[in-house]
Ligand code: PSU
Ligand code: MN
């Protein structure tokens, strides 16, 4: 099959396997210990069984890498056990964590994190950059970042750099839609403005993370990885630089109700703890809040959808190899 050159012109080694890029912020900031450790092992195992390399990205040793070993990946599985009584956004009990929490690293702080020599967990945005530089064409995540809700009208708009990266790097990103904690309508509009095709994998409507359905539509529905691969090739033939966003709906017993999640998010955003957050703390705070209020179901849904997305990404990587 056609081998694609990396931006530096090099071709993949003969005998190299298809690769799927994975992020580390979901491990360090998105999931509690030990769920993050279990997930890291499971994702490696799922992809390995498919004959696909899990190409995990992070800032380590002053470099932006996309080839962490499983042992290196486990360094990013920090944090404490999630407890339903924990104050969302409160200080994390590090007693059980293997290491200190790495710095959440997106595009704006990447150069500073590299220069500092600190360990950095990559978000969707920086993982896309790492994948692009390494010639990896497919990545898997849970929910992408997007436009945040504005509950107090004059607040400045908080918008994830994931959107900018989606407009900039021609990666195929497999996810469960925007995170349900976001302004999903505004995020959907922004994806269109940025020229990011939204492909529903077996669905006509846009999912939002643990919620399998929202009132918003996708651009096109595909029912197989082969169909998605045809769209990716046309994007490449046109020389378009934006990503293709493949959204896989999370269905089944652990899927959460859209209105229920919206209520939790609104309550969490008006709580006093929300006012003291640094910008990069907003997403982890809201994810913690949903878990604290909706309990095990939210964590199970999060884990399940991450594994499902890795499988779909693995299939796509095989088709595009
Ligand atoms: N998906 C998850 N959990 C997460 C994230 C994604 O299931 O924690 C992370 C991703 O790394 C994503 C980031 O890029 O949250 C978005 O953060 P922000 O809104 O601050 O850009
Ligand atoms: Mn933000």
* Considering only residues that are away from ligand 2 (no atom under 16 Å from the Cβ) and part of a helix (DSSP H, G or I), look in the stretch 264-288 and name the one that is surrounded by the fewest Cβ atoms within 10 Å (Cβ to Cβ). => 272
* Restricting the search to the stretch 270-309, which residues are over 16 Å from residue 143 (Cβ atoms), within 13 Å of ligand 1 (Cβ to nearest atom) and in contact with a helix residue (DSSP H, G or I) (Cβ under 8 Å, 6 or more places away or on another chain)? -> 277
* Asked: Within the stretch 85-92, is even one residue part of a loop (DSSP other than H, G, I, E, B) and at pLDDT 95 or above?
  -> no
* Looking at the stretch 52-65, which of its residues are surrounded by 23 or more Cβ atoms within 10 Å (Cβ to Cβ) and touching a helix residue (DSSP H, G or I) at 6+ places or on another chain (Cβ under 6 Å)? -> 52, 54, 56, 57, 59
* Structure fact -> Checked 242, 208 against criteria (farther than 30 Å from residue 295 by Cβ, in contact with a helix residue (DSSP H, G or I) (Cβ under 8 Å, 6 or more places away or on another chain), touching a residue at least 60 places away in the same chain (Cβ under 8 Å) and surrounded by 13 or more Cβ atoms within 10 Å (Cβ to Cβ)); the one match is 242
* Taking residue 253, is it more than 16 Å from ligand 1 (Cβ to nearest atom), under 30 Å from residue 296 (Cβ atoms), out of contact with any helix residue (DSSP H, G or I) (no Cβ under 7 Å at 6 or more places or on another chain) and assigned to a helix (DSSP H, G or I)? -> no
* **Scan of the stretch 175-200 for residues that are in a strand (DSSP E or B) and either within 16 Å of ligand 1 (Cβ to nearest atom) or buried (at least 24 other Cβ atoms within 10 Å of the Cβ) (or both), ordered by number** => 175, 178, 182
* **Selection within the stretch 113-128 - within 12 Å of residue 166 (Cα to Cα) and out of contact with any strand residue (DSSP E or B) (no Cβ under 7 Å at 6 or more places or on another chain)** => 125
* To do: Determine whether residue 245 is more than 17 Å from the chain's Cα centre (by Cα), away from ligand 2 (no atom under 16 Å from the Cβ) and under 23 Å from residue 122 (Cβ atoms).
  => no
* Asked: Regarding residue 202, is this residue within 13 Å of ligand 2 (Cβ to nearest atom), under 21 Å from residue 308 (Cα atoms) and in contact (Cβ under 8 Å) with a residue 24 or more places away in the chain?
  -> no
* Flag for residue 151 being more than 22 Å from residue 195 (Cβ to Cβ) and either within 16 Å of ligand 2 (Cβ to nearest atom) or modelled with pLDDT of 95 or more (or both) -> yes
* **helices (runs of 4 or more DSSP H) wholly inside the stretch 107-174 that include at least 3 residues being surrounded by 21 or more Cβ atoms within 10 Å (Cβ to Cβ)** => 124-134, 161-168
* **Number of the exception - residue 254 against (1) under 22 Å from residue 163 (Cα atoms); (2) more than 16 Å from ligand 2 (Cβ to nearest atom); (3) modelled with pLDDT under 95; (4) surrounded by 17 or more Cβ atoms within 10 Å (Cβ to Cβ)** => (1)
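The values are calculated or read from the model by the stated rules, or taken from the named source; none is laboratory data. Here the structure is a predicted model, which means the values were calculated and not measured. Reconstructed Cβ throughout: ideal geometry from the backbone, glycine too, with neighbour counts over all protein chains shown.
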